[in-house]
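The values are calculated or read from the model by the stated rules, or taken from the named source; none is laboratory data. Source: prediction; values computed, not measured. Heads up, the Cβs are rebuilt from the backbone with ideal geometry, glycines too, and the neighbour counts pull from every protein chain shown.
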Amino acid sequence: MCGIIGYVGNRKASTILLKGLKNLEYRGYDSAGIAIKHTAGHTQVKKSAGKLEEIGQSFNSESIEGNIGIAHTRWATHGAVTDENAHPHTDCEGKIAIVHNGIIDNYKELKGRLISKGHSFTSDTDSEVIAHLIEENLGYGFEDACMKAFSSLEGSYAILALKEDEDKIVGVRKDSPLVLGVAEHGIFLASDIPSFLEWTNKVMYLSNYDFIIAEKGGIKVYNEGKEVLRQIDTIGWNIEEAKKGEFKHFMMKEMSEQAETVMRALLQDENIVRDIVDEINNALGVFFVGCGSSYHACLAGSYLFSRIAKVHVNSVLASEFENYEHFLTDRTLAFAVSQSGETADVLFAVRGAKSKGSKVVGITNVLGSSLTMEGHALIMMNSGPEICVLSTKTYTSQVVLMTMLAYAVAGKYEEGLKKIGSLYLDIYNLTSRTMRDSLAKLAEILRDKWDIYLIGRGLQYTTALEAALKIKEVSYIHAEAFAGGELKHGPLALIEDGTPCIVFVSAENKSKILSNAEEVKSRGGYIIGVSSEQDDLFDFWIKVPEAEELNPIIQIIPMQVLAYELAVLRGLDPDKPRNLAKSVTVI
Ligand code: M6R
């Protein structure tokens, strides 16, 4: 769960790589480093623990001359957050440098073998073995040494390697993302497209086990020992989408884009939607599988399918999906929902389903991600790059897709498109300055609270879950959601004088959820109503339009803004919450 980038071309590699790393930092920000094949003929490595903005200057990268380099930003898995464990890692002689994203499962065994052959290690990481393995095989030449080294690895990996006397970068991908960017002045190899979007929008997607040699003169890709041709696509994303622009944080920018991204999620190929509807209708068992926010979208999806299409769908956390494998057959249809398309638990679930002959539909936002290659069918979310670690616009897009599919299964595809399409202005207003100011006032009231509780019924319960996740991950305030009806079965014991409780109201369940709110209020709770109508019970009112089955698209937006305002007030960086990373590529 790290970000890697390499560049080989005519320009100064260090300058390009540091910019690229900045774009990749959302993938991990424990440490960063670069390695350049210096024009003086040696490999120069600069690395350090800490966020790039704190350590980037100390790299003094401008002084490193060279047009070939690799770089890394880390989310620690093996080994503490230290300078030594930062990437790039080198061989014993410091001639070879590598960066790695993924996990090497058999690193202990490999390390033991390498140590017995005289290699000395300087870090506690699983990744360092890669540099030493290449060194061990150098007798075959650099490219073959890399190929041999990579073939002894077990686990997941995207790796870039360079050597002081070779004018190339050698790379490989297996179950970790790696895409190529082709610019006029050089070639990029990176974990994602936005990292090099400033220089090119021409991309080459790679398959598992692709082995890449990138030189100034061109790219060669091999798979199973044979050279293969991979197409170069021009993608529609532009650099503005991947930049903060006038916004202080990506989170605010991305939340503000939702009026547009919700509409873009609707832009699907109707034939693909109809094929998927047929698959749903013919399936004996449908599962929606995801993690975190994507799971909440799945849960909302299962309620929506029940309500709109009268079809039963199971929503399952990807990490728990193996418990359902006994029920999977070749008539099962599994939807794998993941904005990044790289979440390890989701990919594991996909492979589990496929091994039982089940069909898999991927729903993702990232072009070229593993999920785009693993499913039988694919729906793209079309949200544009989401850089903030929190899912905001991708969450609403997922819910939109679930709603649209439910309508399509009900035979009301056009009606669904029209209804969702009519939300544009409402969504736009929910991130307006007036709304933000009001939520900033609420954030002032909540900023020093230890706990916030959230309740909802039906679809509003799924929104409460997602809202709680948003608040806790970005403000570090404990936030917990309950189904309104569950309150009296235990959680009421938590309510004391001034305990904040956010209540999601819909026209349909108004009286029941307000009576739950009353239970909280009578025990001293501070009631924040998310509702189309004011109520005497509310100590604070967040006005939202009533959108019935579309409430999950609407009601979450002020909650995202509230979470953001809380983080800012508490002096936290909303784009990079502690201990988290954008794509979770470890189980
Ligand atoms: O990329 P995915 O949608 O598969 O990611 C799943 C979760 O890791 C993700 O939603 C996570 O919970 C976010 N931090 C939520 O804001």
So, GLU136, is that one out of contact with any strand residue (DSSP E or B) (no Cβ under 6 Å at 6 or more places or on another chain), surrounded by 16 or more Cβ atoms within 10 Å (Cβ to Cβ) and assigned by TED's automatic domain parsing to the domain that holds ASP210 or not?
yes
Set GLU241, GLU325, GLU279: member being over 23 Å from LEU469 (Cα atoms), free of Cβ contacts under 8 Å to residues at least 60 places away in the same chain and either among the aliphatic types (A, V, I, L, M) or surrounded by fewer than 22 Cβ atoms within 10 Å (Cβ to Cβ) (or both):
GLU325
Go through region 353-374 and count every residue that is within 15 Å of the ligand (Cβ to nearest atom), surrounded by 22 or more Cβ atoms within 10 Å (Cβ to Cβ) and over 14 Å from the mean Cα position of the chain (by Cα).
3
Answer yes if at least one residue in region 24-42 is touching a residue at least 60 places away in the same chain (Cβ under 8 Å) and of a type in the set (Asp, Glu), and no otherwise.
yes
Count - residues of region 558-572 that are away from the ligand (no atom under 14 Å from the Cβ), at negative phi and not aliphatic (A, V, I, L, M):
3
Of the residues in region 375-407 that are β-branched (Val, Ile, Thr) and within 16 Å of the ligand (Cβ to nearest atom), the one that is nearest to ASP275 (Cα to Cα) is ILE379
Within region 192-276, strands (runs of 3 or more DSSP E) holding 1 or more residues that are under 22 Å from PHE150 (Cβ atoms) and touching a Leu at 6+ places or on another chain (Cβ under 9 Å)
202-205, 210-215, 218-223
Step by step: first the residues of region 328-344, then only those that are within 8 Å of the ligand (Cβ to nearest atom) and not in a loop (DSSP other than H, G, I, E, B), then the one that is surrounded by the most Cβ atoms within 10 Å (Cβ to Cβ). Which residue is that?
SER338
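When the residues of region 267-325 are narrowed to those that are β-branched (Val, Ile, Thr) and under 25 Å from THR392 (Cβ atoms), which ends up farthest from the ligand (Cβ to nearest atom)?
In the first step, residues of region 267-325 are kept if they are β-branched (Val, Ile, Thr); the result is 272-273, 276-277, 280, 286, 289, 308, 311, 313, 316.
The next check asks that each one be under 25 Å from THR392 (Cβ atoms); those that pass are 273, 289, 308, 313, 316.
Details: VAL273: 21, VAL289: 10, ILE308: 23, VAL313: 18, VAL316: 14 Å.
So, considering only residues that are β-branched (Val, Ile, Thr) and under 25 Å from THR392 (Cβ atoms), the one farthest from the ligand (Cβ to nearest atom) is ILE308.
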Expected single match for among the hydrophobic types (A, V, I, L, M, F, W, C) and over 26 Å from LYS12 (Cβ atoms) among ALA183, ALA190, ALA161, ALA145 is ALA145
With the requirement that a residue be within 20 Å of THR343 (Cα to Cα) and basic (Lys, Arg), what does region 253-305 give you?
none
Would you mind telling me which numbered condition in (1) among the charged types (D, E, K, R); (2) at pLDDT 95 or above; (3) out of contact with any Lys or Arg (no Cβ under 8 Å at 6 or more places or on another chain); (4) not assigned by TED's automatic domain parsing to the domain that holds VAL262 ARG433 fails?
(2)
Quick check, is ALA410 over 24 Å from TYR461 (Cβ atoms) and either touching a residue at least 40 places away in the same chain (Cβ under 8 Å) or away from the ligand (no atom under 11 Å from the Cβ) (or both)?
no
Listed by first then second residue, the pairs whose first member lies in region 565-587 and is at pLDDT 90 or above and assigned to a loop (DSSP other than H, G, I, E, B), whose partner is of a type in the set (Gly, Ala, Ser) and within 12 Å of the ligand (Cβ to nearest atom), with beta carbons under 9 Å and at least 6 positions apart or on separate chains, are PRO574/ALA563
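Working carefully through the options ALA443, ALA479, find the one that is under 27 Å from the mean Cα position of the chain (by Cα) and not in a helix (DSSP H, G or I).
Working: ALA443 fails: not in a helix (DSSP H, G or I).
Only one candidate passes the filter, namely ALA479.
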Could you please give the count of residues in region 442-479 that are of a type in the set (D, E, K, R) and either without any contact (Cβ under 8 Å) to a residue 12 or more places away in the chain or touching a Pro at 6+ places or on another chain (Cβ under 6 Å) (or both)?
4
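Yes/no matrix, rows are residues, columns are (1) outside the structural domain of GLU473 (by TED's automatic domain parsing); (2) aromatic (Phe, Trp, Tyr); (3) not in a helix (DSSP H, G or I):
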| site | (1), (2), (3) |
| --- | --- |
| GLY368 | yes, no, yes |
| GLY384 | yes, no, yes |
| THR394 | yes, no, no |
| SER397 | yes, no, no |
| THR403 | yes, no, no |
| ALA408 | yes, no, no |
| LEU417 | yes, no, no |
| TYR428 | yes, yes, no |
Of all residues in region 566-587 being of a type in the set (Lys, Arg) and closer than 20 Å to THR77 by Cα, the one that is surrounded by the most Cβ atoms within 10 Å (Cβ to Cβ)
LYS582
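If I ask for residues that are outside any loop (DSSP other than H, G, I, E, B) and either without any contact (Cβ under 8 Å) to a residue 40 or more places away in the chain or not β-branched (Val, Ile, Thr) (or both), which ones from region 61-82 would you list?
Of all residues in region 61-82, those outside any loop (DSSP other than H, G, I, E, B) come to 61-63, 68-74.
The answer is SER61, GLU62, SER63, GLY69, ALA71, HIS72, ARG74.
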Conditions: (1) of a type outside the set (Lys, Arg); (2) farther than 28 Å from ALA481 by Cβ; (3) at pLDDT 95 or above; (4) within 14 Å of the ligand (Cβ to nearest atom). ALA349 meets all but one. Number of the miss?
(2)
Would it be correct to say that LYS521 is farther than 18 Å from GLN460 by Cα, of a type in the set (Lys, Arg) and within 16 Å of the ligand (Cβ to nearest atom)?
no
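Table: residues versus (1) closer than 19 Å to THR585 by Cβ; (2) β-branched (Val, Ile, Thr).
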site	(1), (2)
ILE5	yes, yes
LYS22	no, no
GLY41	no, no
GLN57	no, no
TRP75	yes, no
ALA86	yes, no
Check region 54-66 and report whether any residue there is modelled with pLDDT of 80 or more and within 23 Å of the chain's Cα centre (by Cα).
no
Tell me which residues, restricted to region 27-60, are assigned to a helix (DSSP H, G or I) and either within 19 Å of HIS78 (Cβ to Cβ) or out of contact with any Ser or Thr (no Cβ under 9 Å at 6 or more places or on another chain) (or both).
ARG27, GLU53, GLN57
Considering residues of region 244-266 that are closer than 30 Å to LEU21 by Cβ and away from the ligand (no atom under 16 Å from the Cβ) only, the residue surrounded by the most Cβ atoms within 10 Å (Cβ to Cβ)
SER256
